[in-house]
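To keep things clear, I will list the structure first and then write my remarks on it.
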Amino acid sequence: MRNTAIVVLVVSMLGLRAQLRSRPAADDASISGTPEPAHARGPRPRTILLIAAVPAVVVTTLIVLAVVSERPVRYEAEDGNYHNARRLYNIDGASSMGYLNHPDSWVEIKVYAPRADTYTVNVRYSAADGNARQYLTVNGSRKVVLHYPGSPTWTSWSDAPVKLKLDHEWNTLRFQHDDGPFAAELDYVEIS
């Protein structure tokens, strides 16, 4: 993966260099050899090229750095789709999805995988009523049961890592209350 990122960066930089070399020389003089006033020339081709090329190189570089660093990517639970649950805000500095305590309570979070592989999905949760469980379904078919040990309070957050096989590109993770007596609130998931 790191080699691919380096190749993308090198190709981007070579493309920019080729564009700069292939541009026509600036025409500072008219055919008669008399320089034209600056206001008559309009924008210089090189300026326009750089205005267009620099943001593209910066964006490409940022993408490459994100891929090379392989840092976990965070997806907030409250940004997902949900049913028979509620968004909760400003609970000890965190926003979360709560009231996932009915058989039909669920939240779906879309996550991105750069390649089909097994990833560590870290689920940030709180379960103050006691040990809780949820069903986790990946793309509507693969199902696992998540076990959340109880938390001292609803503002105490813990992590529950789980290994999941994700498909290339976008995947849908559905967290659904099981039929147990206790529920868990979700803060976010991180993919690494």
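The values are calculated or read from the model by the stated rules, or taken from the named source; none is laboratory data. Here the structure is a predicted model, which is why all the values come from computation and not from measurement. We place every Cβ from the backbone using ideal geometry, glycine too, and count neighbours over all the protein chains shown.
Points worth noting:
- Residue identified as of a type in the set (Gly, Ala, Ser) and farther than 20 Å from Asp159 by Cα among Ala132, Ala113: Ala113
- Strands (runs of 3 or more DSSP E) (entirely within segment 87-158) containing at least 1 residues that are in the same structural domain as His177 (by TED's automatic domain parsing) and without any contact (Cβ under 8 Å) to a residue 40 or more places away in the chain: 132-138, 142-148
- Hey, Tyr112 modelled with pLDDT of 90 or more, over 21 Å from Arg74 (Cβ atoms), surrounded by fewer than 16 Cβ atoms within 10 Å (Cβ to Cβ) and touching an Asp or Glu at 6+ places or on another chain (Cβ under 7 Å) or not: no
- Any hit, segment 159-174, residues being outside any strand (DSSP E or B), among the aromatic types (Phe, Trp, Tyr) and either assigned by TED's automatic domain parsing to the domain that holds Val111 or crowded, with 16+ Cβ neighbours inside 10 Å (or both): no
- Taken over segment 179-188, the criterion of being outside any strand (DSSP E or B) and buried (at least 16 other Cβ atoms within 10 Å of the Cβ) is satisfied by Phe182, Ala183, Ala184.
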